[in-house]
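Just so it is clear, none of the values below were taken in a lab; they were calculated from the coordinates. Predicted, not measured: the structure shown is a model, and the values here were computed from it. For neighbour counting, all protein chains shown are included, and Cβ atoms are generated from backbone atoms with ideal geometry for every residue, glycine included.
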2 protein chains.
Amino acid sequence: MPDLSRTPDDTAAVNALRSGVMRLSRRLKHQRVDESLSPTEMSVLGTLARCGSATPGELARKEHVQPPSMTRIVALLESKGLVGLEPHPEDRRQKVVRQTELAEAMLEESRRKRNAWLAELAGRLDEDEWATLRAAAPVLEKLAHM
Amino acid sequence: MPDLSRTPDDTAAVNALRSGVMRLSRRLKHQRVDESLSPTEMSVLGTLARCGSATPGELARKEHVQPPSMTRIVALLESKGLVGLEPHPEDRRQKVVRQTELAEAMLEESRRKRNAWLAELAGRLDEDEWATLRAAAPVLEKLAHM
DNA sequence: GCACTTTCCTTAGCTCAGGTAATGAGTTAA
DNA sequence: TTAACTCATTACCTGAGCTAAGGAAAGTGC
């Protein structure tokens, strides 16, 4: 049972959180740096950049997506030359997905563009608001992984 | 031009923010309280609860959705008895969308259920993390509205 | 060593929520 | 009163997820 002392008026917080996350995610879809890449495809590339390499199943679990969806995503990324597929060294059922240098370059470029978008928005927040958001980012990620 | 002094390593923050928001939004889709209501439909009800009433066009702008999409959303909500449509007092092209008592009751019920889900997750965060998230919620909403 | 089960990836087909383009009705301006 | 514009709508399309079902490889019991 979680700590009940923190729940008194969390109602408002969770409503704001849910609403904000949903709306922001819709806007983020429009801010994609490469028009031909969906947000989840970008997210997979980010995961690969962090983890080095992974099997499709691992990626599906990390992205909270079903295996068939990851199959299609990986196939798309491969057709664009952003990931390579290698046979798994110990299990021939599995594959190893690894990002290419092209993906690395694209991520760098996308980081640059996203910073521009962020600066545009951050400029309209005051210092405290932005500091709050910076602090919250890793917690959001943790929450998304739970 | 936004304040450049805050940009040094915001790269990491914006990446975490983007990734966290996208993943969390995907999980939130699964946590819908009423299986028959999409996240945007819920969001529209929330907006109506805040604003009282609005025209479809206003709702579309607020939710960052195109007018035809809002037409369909409003039609669905009406067919479920969650909103009512009245003629606009001054402009016969427009309509006024207003939530029903049924919607009010459903929102209350959904708040209760969402709190349960939140408590489950909050119980796994430490106090500081949760405080950070609470503080960030309104900023996220503001960001989503910018 | 051979069937049985499980696991991983894939294929096929579906759904749902969004978008664009085009239409119709109502309003405003010339 | 005609022209241009705005709001909502209709029709159609797309994109990204899902489930169900399969095929290949690995593990398990006899």
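What to note about this one:
- Note on residue A:105 and residue B:128: with the Förster distance fixed at 30 Å, the Cβ-Cβ geometry gives a FRET efficiency of about 0.20.
- Annotation for residue A:78, label-to-label distances across the other copies: 4.9 nm (shortest first, one decimal, point 7 Å from Cα along Cα→Cβ).
- Once backbone amide H atoms are built at 1.01 Å from N, residue B:54 has B:97 as its partners under 5 Å, excluding neighbours fewer than 5 places away on the same chain.
- Extension gain from residue A:91 to residue A:117, taking 0.36 nm per residue of separation minus the Cα-Cα distance: 5.1 nm
- Each copy carries residue A:117; placing its label point 7 Å along the C-beta direction from Cα gives inter-copy distances of 2.4 nm, listed from smallest up.
- Per residue, the convex hull around the alpha carbon atoms of chain A comes to 152 Å³.
- Rounded tilt (10° steps) of A:67-79 against the dominant C-alpha axis of chain A: 70
- Under 24 Å from residue B:62, Cα to Cα: lysines that are on another chain or at least 8 residues apart: A:29, B:29, B:80, B:95, B:142
- Nearest-first distances (nm) between copies at residue B:96, label 7 Å from Cα via Cβ: 6.6
- Degrees between helix A:39-51 axis and first principal axis of chain A (Cα, 0 to 90, nearest 10): 80
- Centre-to-centre separation between the Cα atoms of the stretch A:48-105 and those of the stretch A:122-146: 29 Å.
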